[in-house]
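Step one of this worksheet: look at the structure below.
The values are calculated or read from the model by the stated rules, or taken from the named source; none is laboratory data. Note that this is a predicted model, so its numbers are computed, not measured. So basically every Cβ, Gly included, is an ideal-geometry build from the backbone, and we count neighbours across all protein chains shown.
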Amino acid sequence: MNKAAETLTILVLLAMATTATVQAHCQIPCGIYNDEARFVLLKEHVTTLEKAMKQIEAAPNQNQTVRWVMNKDKHADELAEIVTYYFMAQRIKPGCENYAFKVAKLHELLVYSMKAKQTTDLANVEKLKTLIHDFEHSYMGERHKH
């Protein structure tokens with residue numbers, strides 16, 4: 001391999017390594033969890049969904065509408081990713097206290113994040129807020145803060 005090709009290969013690999021995206025949490029059994037931070041993120045995603053829905057309804061042109069729809073969809077997906085990969089895959093263990101209730105609430109969160117992607121109905125946002133509160137209360141127990 002000539003020097004230029006070798007240098008280019010190294011630069012491409014370096015660029016790929018430094019531009020990797022950060023996920024909500026890894027699936028390596030690292031044991032580093034911050035449940036409170038995940039609840040803050042869930043609530044932030046819902047707030048962004050709500051704002052996006054309002055902006056879509058008030059958008060002055062198609063360009064802005066498309067940008068807000070894309071933003072809304074991204075946040076609905078990120079909410080679903082936290083629910084799926086953080087809580088369902090790593091934190092809720094079969095047989096834990098209130099297992100059926102917790103899994104049911106997480107499933108409902110997934111359903112309503114999908115509905116939030118499909119519409120601009122603010123009732124879906126309100127349902128997400130209620131579900132997050134109910135799940136947080138059940139999951140955090142005595143550590144739950146209002």
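List of remarks:
- Residue tally, condition within 14 Å of residue 120 (Cβ to Cβ) and in contact with a Lys or Arg (Cβ under 7 Å, 6 or more places away or on another chain), over region 73-89: 2
- Residues that are of a type in the set (D, E, K, R) and farther than 20 Å from residue 134 by Cα, drawn from region 44-83: 51, 54, 57, 67, 72, 73, 74, 77
- Taken over region 110-130, the residue count meeting the criterion of being in contact with a helix residue (DSSP H, G or I) (Cβ under 6 Å, 6 or more places away or on another chain) and in a loop (DSSP other than H, G, I, E, B) is 1.
- Matching residues, region 90-109, being within 14 Å of the chain's Cα centre (by Cα) and either part of a loop (DSSP other than H, G, I, E, B) or surrounded by fewer than 15 Cβ atoms within 10 Å (Cβ to Cβ) (or both): 107
- Options 99, 112: the member that is under 14 Å from residue 132 (Cβ atoms), without any contact (Cβ under 8 Å) to a residue 24 or more places away in the chain and in contact with a Lys or Arg (Cβ under 9 Å, 6 or more places away or on another chain): 112
- For region 22-42, a residue qualifies if it is out of contact with any helix residue (DSSP H, G or I) (no Cβ under 6 Å at 6 or more places or on another chain), under 17 Å from residue 77 (Cα atoms) and either charged (D, E, K, R) or modelled with pLDDT under 65 (or both), and the qualifying residues are 22, 23, 26.
- Members of region 46-66 that are without any contact (Cβ under 8 Å) to a residue 60 or more places away in the chain and within 22 Å of residue 138 (Cα to Cα): 47
- Residue 140 vs. criteria surrounded by fewer than 16 Cβ atoms within 10 Å (Cβ to Cβ), at pLDDT below 95 and assigned to a helix (DSSP H, G or I): yes
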